[in-house]
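Please read the structure below before turning to the comments.
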Ligand code: ADP
Ligand code: MG
Ligand code: MG
C-alpha cells in the first residue's frame, strides 16, 4: 500500500490540506468552541511540513513518531495532544517498518483510535473526532474482511468518515470545549471529526 517514501507524500498532502482548510475548520470551531481548530492544525502541520525533508530515508515508525511529537510541541489546543499521541502511538506500532500493507494500515488507525480514546477519555457518540475515526475504521475493517482491494477499502473509509462527521450535528458534545455549549451545539459539525475526514481523504488520494 505505502512505502516510507509514500508515507512522506501522504504527510505532505495532509499538511497542505490542513493549510487549505484552515479557515473552514476554524469557522466550524466558532459556534461550539473557540475558533482555533484550523489555526491549531495549520500551525502544527506547517511545522510538520518543514521536517519532511529531514525524514527522507527514515522508516515509517520514525516518520509517524516525528509527526506526533511535532504536533504535541506546536499545537496548544486539545487537538495537539490528541492527534499527537495518535501519530506517536501509530509510530511505535510501525517501528522499523519500511513498508505498510492494508493490514498495517488498519493497525495504524486502530492504534490511533486507542490513543485518542485514552488521552481524551472519550468514546464514540460524544461529538469528537472519534465519531469520524471509529465508523471509518469499522467500514475499512469490514471491507478488508470482504477481500476488497486497498483502494476500495480506503474509499469505504472516507465515505464512512464523512457520514460520521455529519452525524456529529445530531450529537450533544460531552467532551472538550463543545461540551460547554450543551444543546446549543446541535446542528453543528465537529471540527475534529471534519479534520480527520480530510486527513483520511488525503491518504486515500495519495495511495489510490
Ligand atoms: P481546543 O478545543 O482546545 O480549542 P481544537 O479546537 O484544536 O482544540 O480541537 C477541538 C477538537 O478536538 C474537537 O472538535 C474534538 O474533535 C476534539 N476533542 C476535544 N476534546 C476531545 C476529547 N476529550 N476526546 C476526543 N476528542 C476531543
Ligand atoms: Mg478550538
Ligand atoms: Mg483552543
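Here are the numbers for this structure:
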quantity: Filter result (touching a residue at least 12 places away in the same chain (Cβ under 8 Å) and within 14 Å of residue 201 (Cα to Cα)) within region 8-29; calculated: 9, 10, 11, 12, 13, 14, 15, 16, 17, 18, 21
quantity: Neighbours by Cβ (under 9 Å, 6+ apart or cross-chain): first from region 37-50, within 12 Å of residue 26 (Cα to Cα) and free of Cβ contacts under 8 Å to residues at least 12 places away in the same chain; second within 16 Å of ligand 2 (Cβ to nearest atom) and part of a helix (DSSP H, G or I); calculated: none
quantity: Residues of region 180-192 that turn out to be within 16 Å of ligand 3 (Cβ to nearest atom), surrounded by fewer than 17 Cβ atoms within 10 Å (Cβ to Cβ) and either under 19 Å from the mean Cα position of the chain (by Cα) or without any contact (Cβ under 8 Å) to a residue 24 or more places away in the chain (or both), as a count; calculated: 1
quantity: Residue 177 being closer than 29 Å to residue 16 by Cβ and at pLDDT 95 or above; calculated: yes
quantity: Cβ pairs under 9 Å, 6+ apart, first in region 149-168 and touching a residue at least 60 places away in the same chain (Cβ under 8 Å), second part of a loop (DSSP other than H, G, I, E, B); calculated: 150/1; 150/101; 150/208
quantity: Verdict on residue 75 being away from ligand 2 (no atom under 16 Å from the Cβ) and out of contact with any strand residue (DSSP E or B) (no Cβ under 9 Å at 6 or more places or on another chain); calculated: no
quantity: Within region 122-138, tally of residues that are within 13 Å of residue 166 (Cα to Cα) and assigned to a helix (DSSP H, G or I); calculated: 6
quantity: Scope region 35-53; condition within 12 Å of ligand 2 (Cβ to nearest atom), more than 14 Å from the chain's Cα centre (by Cα) and assigned to a helix (DSSP H, G or I); matching residues; calculated: 39
quantity: Residue 82 part of a helix (DSSP H, G or I), surrounded by 20 or more Cβ atoms within 10 Å (Cβ to Cβ) and either within 16 Å of ligand 3 (Cβ to nearest atom) or at pLDDT below 95 (or both); calculated: yes
quantity: Residue 25 within 16 Å of ligand 3 (Cβ to nearest atom) and closer than 26 Å to residue 123 by Cβ; calculated: yes
quantity: Boolean, residue 61 is part of a helix (DSSP H, G or I), within 16 Å of ligand 2 (Cβ to nearest atom) and either without any contact (Cβ under 8 Å) to a residue 60 or more places away in the chain or in contact with a strand residue (DSSP E or B) (Cβ under 9 Å, 6 or more places away or on another chain) (or both); calculated: no
quantity: Failed criterion for residue 110 (all others in (1) in contact with a helix residue (DSSP H, G or I) (Cβ under 6 Å, 6 or more places away or on another chain); (2) within 30 Å of residue 56 (Cα to Cα); (3) in a helix (DSSP H, G or I) hold); calculated: (1)
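The values are calculated or read from the model by the stated rules, or taken from the named source; none is laboratory data. Computed from a prediction, not measured in an experiment: that's the story for all the values here. Neighbour counts run over all protein chains shown; Cβ positions are idealised from the backbone, glycine included.
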